[in-house]
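Heads up, the thing below is written out as structure tokens.
The values are calculated or read from the model by the stated rules, or taken from the named source; none is laboratory data. Quick caveat, the model's predicted, so the values are computed rather than measured. Neighbour counts run over all protein chains shown; Cβ positions are idealised from the backbone, glycine included.
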Amino acid sequence: MIQKLTIRKIGPGEHATCERILRSLPDWFGIEAAIVEYVRNLEVMETWLAETTDGPVGFLTLNDRSETASEIHVLGVIESQHRQGWGRRLVEHAEKTLRARKIEFLEVKTLAPTRESRPYERTRKFYLGMGFKPLEENRLWGESNPCLVMIKHLDAAQPAQLRNTLIANLKRSNDLYRELAEGIPEKALGEKLPELRSNTIGQQLWCVVGARESFARAIKDGSWAGFSCSLTGEGCLLRAEVLAALDVSARMILDVLPTIEESDQPRCQFALDLLEHEASHHGQLIRYIYGLDLEIPTSWKKKYALG
Ligand SMILES: CC(C)(COP(=O)(O)OP(=O)(O)OC[C@H]1O[C@@H](n2cnc3c(N)ncnc32)[C@H](O)[C@@H]1OP(=O)(O)O)[C@@H](O)C(=O)NCCC(=O)NCCS
């Protein structure tokens, strides 16, 4: 189920909520003096709290650095809620606020890769995914905590809209395939179009999975290395295997999309080709839904106005 997220400025007495979030992330915020400092700074720095209907999930504090630059002073999302898009939403909200104030640069400091840390490797992937670029490494926090300064040009951030649209459309496409594969009788995976030359629904989904896997490799390597698919002929007939392959292949592609620079034409082209491929199978599968008199999944009805 998609949860609704509200982002608002913290109110009086809500510092404790932010402190709770910080203290729930000991792999990132383990130095007591730093936590105390972050909490104290909430008094003077603009802080945005994100909450779902279940309560607060994260917060972001901004520190204005100059007339043209601001900094993400601290950002935290509770660990059980990671990878739900809340961090992205907080950063996008901050960026929108800053653009409205004509701020051009957004900076963030985080642990540099020269000190090994699995948790901070994830943090850097997040910031890279959000369009930040490494600017410099320095020793602001001492020799044992090398500091990586990352920066994002907020005007240049606008074209990332295309990449975000690609990500959103591919996610939606996966939801469509999932709902279809979950809703039809399992035996329909082995069915062809009656009286027409065709393959089976399972083989259609095999092609979707294989294309995602192959395009994910192509985007990663920057060149096409041929088509292959991990789903087997027997697997195409089994709902559980099809659903698992759809999810794994969707994750593969969603993991590489944030690495695409919009100036990198070949990689952008691969991503667009994949989206085109997904849509062409939507069209084909609609013929199967009608031809085999299958129940039309709700998401397909909405997306393609089927009735
Ligand atoms: C960093 C942090 C705020 C990210 O928040 P989040 O809600 O988990 O991140 P999102 O779900 O919004 O991720 C947005 C995008 O970032 C990228 N990303 C995030 N985590 C990633 C990971 N572990 N590996 C690869 N990419 C990642 C992805 O592109 C992701 O989009 P997707 O899920 O559609 O693929 C959160 O993990 C956190 O609180 N970490 C601990 C504290 C911290 O590191 N704070 C920052 C230090 S100032």
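When Lys171, Lys187, Lys192 are checked against the criterion of being in the same structural domain as Leu238 (by TED's automatic domain parsing), among the charged types (D, E, K, R) and within 15 Å of the ligand (Cβ to nearest atom), a single residue qualifies: Lys171.
Checking the stated criteria, Thr53 turns out not to satisfy the condition of being modelled with pLDDT of 95 or more, assigned by TED's automatic domain parsing to the domain that holds Glu19 and either of a type in the set (D, E, K, R) or at negative phi (or both). Filtering Leu135, Leu154, Leu176 for residues that are more than 14 Å from the ligand (Cβ to nearest atom) and in contact with a His (Cβ under 8 Å, 6 or more places away or on another chain) leaves a single hit, Leu176.
Give Leu148, Leu180 a once-over and let me know the one that is in the same structural domain as Gly30 (by TED's automatic domain parsing) and at pLDDT 95 or above. Within the list Leu148, Leu180, the selection yields Leu148.
Matching residues to (1) within 23 Å of the chain's Cα centre (by Cα); (2) within 24 Å of Arg88 (Cα to Cα); (3) more than 16 Å from the ligand (Cβ to nearest atom); (4) not hydrophobic (A, V, I, L, M, F, W, C):
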| site | (1), (2), (3), (4) |
| --- | --- |
| Gly210 | yes, no, yes, yes |
| Gly235 | no, no, yes, yes |
| Leu243 | yes, no, yes, no |
| Asp247 | yes, yes, no, yes |
| Arg251 | yes, yes, no, yes |
| Gln269 | yes, no, yes, yes |
| Asp273 | yes, no, yes, yes |
| Glu278 | yes, no, yes, yes |
| Lys302 | no, no, yes, yes |
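The test for being in a loop (DSSP other than H, G, I, E, B) and within 13 Å of the ligand (Cβ to nearest atom) holds for Gly30. Taking the numbered list (1) touching a residue at least 12 places away in the same chain (Cβ under 8 Å); (2) loosely packed, with under 14 Cβ neighbours inside 10 Å; (3) within 16 Å of Leu176 (Cα to Cα) in turn, Trp300 passes all entries but (2).
Considering only residues in the stretch 133-150 that are among the acidic types (Asp, Glu) and in a strand (DSSP E or B), the one that is surrounded by the most Cβ atoms within 10 Å (Cβ to Cβ) turns out to be Glu137. Scanning the stretch 242-268 for residues that are part of a helix (DSSP H, G or I) and among the hydroxyl-bearing types (Ser, Thr, Tyr) yields Ser249, Thr259. Conditions: (1) within 14 Å of the ligand (Cβ to nearest atom); (2) in a loop (DSSP other than H, G, I, E, B). Ala225 meets all but one. Number of the miss? Single failed check for Ala225: (1). When each of Ile72, Ile31, Ile103 is tested for being more than 20 Å from Asp155 (Cβ to Cβ) and free of Cβ contacts under 8 Å to residues at least 60 places away in the same chain, the lone residue that passes is Ile31. Do we have any residue at all in the stretch 89-108 that's over 22 Å from Ile7 (Cβ atoms), near the ligand (Cβ under 9 Å from one of its atoms) and either assigned to a strand (DSSP E or B) or among the charged types (D, E, K, R) (or both)? Scanning the stretch 89-108, I find no residue that is over 22 Å from Ile7 (Cβ atoms), near the ligand (Cβ under 9 Å from one of its atoms) and either assigned to a strand (DSSP E or B) or among the charged types (D, E, K, R) (or both), so the answer is no.
Restricting the stretch 224-244 to residues that are in contact (Cβ under 8 Å) with a residue 40 or more places away in the chain and over 15 Å from Leu274 (Cβ atoms), the residue that is surrounded by the most Cβ atoms within 10 Å (Cβ to Cβ) is Val242. Only residues that are under 20 Å from Ile151 (Cα atoms) and either away from the ligand (no atom under 13 Å from the Cβ) or among the β-branched types (Val, Ile, Thr) (or both): list them for the stretch 46-88, please. Those that are under 20 Å from Ile151 (Cα atoms) and either away from the ligand (no atom under 13 Å from the Cβ) or among the β-branched types (Val, Ile, Thr) (or both): Glu46, Thr47, Thr61, Asp64, Arg65, Ser66, Glu67, Thr68, Ala69, Ser70, Ile72, Val74.
A quick yes/no check of all residues on (1) of a type in the set (A, V, I, L, M, F, W, C); (2) crowded, with 21+ Cβ neighbours inside 10 Å:
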site	(1), (2)
Asp54	no, no
Gly58	no, yes
Thr61	no, yes
Glu67	no, no
Val77	yes, yes
Gln84	no, no
Leu90	yes, yes
Ala94	yes, yes
Thr97	no, no
